[in-house]
Structure formats: C-alpha cells, structure tokens
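Notes to accompany the following structure.
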Amino acid sequence: MKLTSSCHRFRGLTAVVIGGGSGLGKATCWRLASEGADRVVVADINSGAAEKVAEEIGSAGGSAEAVQVDVTQQDQVQQLFSGPGKEVDVLVNSAGTMWTKSFAMLQLADVRETFGATCDGLLLAMQHASQAMQQKPSDAANKFAIVNISSTAALATMKGLTAYSAAKATIRSLSRSAAVELAPYNIRVNTILPHGTDTEGVRAFVANLPPEDVEFFTGPAGTPKLIPRAAQPEEIAAGIAFLASSDASFMTGSEIVMDGGFSIQ
C-alpha cells in the first residue's frame, strides 16, 4: 500500500493517535499520514499492533513511530507527551473497551474498568497533550486540535450497554469542557460519534449478541439505517481528519454524528 492522497492538510504537523494500533485509530493513522503529517505517533497498549501500523506506514512512504502506552496510567501518558509525543499538534483519542452486561448484574468494578479505559485515559491524554501544545509556538490560529471518539450509544443505547453508553456520553461532556478551557491556547476540541463501524472489534462484539440486539447496529427490523450498511473505518477517519484540520478552524466544542442516518429514526 502507498500513500496516495494529494491533500497535505497536516504537512509540518505531528499527530498522536491513542488506540492507533487497530480499528478507527489505525485508519486515522493512515489518513493523517496520507495527508502529509510529518510524523504520526501510533500509541497503543498493544505494542505489536502499534509497531505493525507504524512499519506499514513507513513502508508506504510516511513517517510513523510506535509507542506502547496504557492510558489509564498517568505516568505512562506523561512519558508519552514528554517524549515521543512532545511535539504534538493533533491528538486523536480512539482507545476504549466495549462489552455487554445486564443492568442488574453490573458491578462497580465493571463501571470503573469501562470508565478507566474510555474516559480516564482520554482525560489524561488531553491534559498532557494540551500542556505540550502550550509549550510550542502557535504560528497559526487554532492549529492545535484534539478529536475524541464518542459513539451514538451516547444518544441511543441498548440493553447491556449501560457502562459503555455512560462512558461515551461522558466523553461528550469532557470534550465540551476541554473546548472551553483550552480555547485561549488556540486548541480546538471536537468529537465524532460513529455508529456500527466495520472494525474487528465491533465485528467480534456483534458476533456475540443475540439476534434481536444486532438490530441496534442495523436499525429496527424493516427500517435499516438510511445508508443500509456498516461504515468503513476509512469513512470515519475522514471525519476525524476534517475536525483535526484547518478546514474546521471555526469549530470547537462541536460534534459530528456519522451513523448513516441511524439516530434520526
């Protein structure tokens, strides 16, 4: 595979993608690299996956570096942004976890685990990345950008997704709060809400659902999504790249729902 885009919106910029080893994170690494990012830091708890993505981007003519990081551990996040990610201009938070458990059986430990992987890491990454950004000269208004990945599960949930939906809703609030706090430093913060993206993680998740719950991802029986298919990771990555780019320079605290029309039915 070669990097073929003629668009260079990220030329001269360093991007850090948390959860960049797979799924939406991987697609985003490729998109940012294809649009000319000087360097993409592929940060993931799975070092093998991160290294594979970085090597493939490098072989295609891009510049990428793999970093193993557990974003629930503050010291590791701090090391990321004082080391490989210290020149960060663009941060994408794509890490998280997804599983089901009935409301009645949900334990506090389950909630803490979900919020730890989904929200704690996102908060820590935004804090340390924004501090690193503030140490850099801003030669263009709003050149710094943070894009967080929420989900339409924050808008419409299904049984068994209590912890996941609550965590994704929290991302929306954290993003808006960060947008207010970071605006004086020319740091924009926006959110993407995808639905039913065709990634390995989502496929594995859906494969374990009863048939009636699979409809949450395709729409109620007889009324599929207006675009009746799963989103490809590259399509969501395009939305992420837009929000991270100067094309969205007047957007902060905003959200883009990318769900094939699912949430309006």
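General observations
- In the stretch 228-247, the residues that are crowded, with 19+ Cβ neighbours inside 10 Å, part of a helix (DSSP H, G or I) and among the small types (Gly, Ala, Ser): 237, 239, 241, 244
- Cβ separations smaller than 6 Å between residues 6+ apart or across chains give the following pairs from the stretch 15-41 residues that are more than 11 Å from residue 90 (Cα to Cα) to residues that are surrounded by fewer than 24 Cβ atoms within 10 Å (Cβ to Cβ) and of a type in the set (Lys, Arg): 35/9; 36/11.
- Pairing each residue of the stretch 254-265 that is touching a residue at least 60 places away in the same chain (Cβ under 8 Å) and surrounded by fewer than 17 Cβ atoms within 10 Å (Cβ to Cβ) with any residue that is of a type in the set (Gly, Ala, Ser) and part of a loop (DSSP other than H, G, I, E, B), provided the two are 6+ apart or on different chains, yields C-beta distances under 8 Å for 263/156.
- Criterion violated by residue 88 - all others in (1) of a type in the set (Val, Ile, Thr); (2) part of a loop (DSSP other than H, G, I, E, B); (3) in contact with a Gly (Cβ under 9 Å, 6 or more places away or on another chain); (4) within 20 Å of residue 246 (Cα to Cα) satisfied: (3)
- Some residue of the stretch 157-170 being of a type outside the set (Phe, Trp, Tyr), under 14 Å from the mean Cα position of the chain (by Cα), at pLDDT below 90 and over 23 Å from residue 46 (Cβ atoms): no
- Of the set (1) surrounded by 18 or more Cβ atoms within 10 Å (Cβ to Cβ); (2) within 19 Å of the chain's Cα centre (by Cα), all apply to residue 46 but (1).
- Scanning the stretch 31-40 turns up one or more residues that are over 18 Å from the mean Cα position of the chain (by Cα) and surrounded by fewer than 24 Cβ atoms within 10 Å (Cβ to Cβ).
- The residue list 36, 62, 58 contains one member that is under 25 Å from residue 189 (Cα atoms) and not aromatic (Phe, Trp, Tyr), which is 36.
- Count of the stretch 163-178 residues which are surrounded by fewer than 20 Cβ atoms within 10 Å (Cβ to Cβ) and in contact (Cβ under 8 Å) with a residue 24 or more places away in the chain: 5
- Checking the stated criteria, residue 6 turns out not to satisfy the condition of being of a type outside the set (D, E, K, R), modelled with pLDDT of 95 or more, more than 19 Å from residue 149 (Cα to Cα) and surrounded by fewer than 20 Cβ atoms within 10 Å (Cβ to Cβ).
- Some residue of the stretch 149-163 being within 18 Å of residue 237 (Cα to Cα) and not β-branched (Val, Ile, Thr): yes
The values are calculated or read from the model by the stated rules, or taken from the named source; none is laboratory data. Note that the coordinates shown come from a computational prediction; the quantities given were computed from them, not determined experimentally. Glycine gets a Cβ as well: all are built from the backbone with ideal geometry, and neighbour counts include every protein chain shown.
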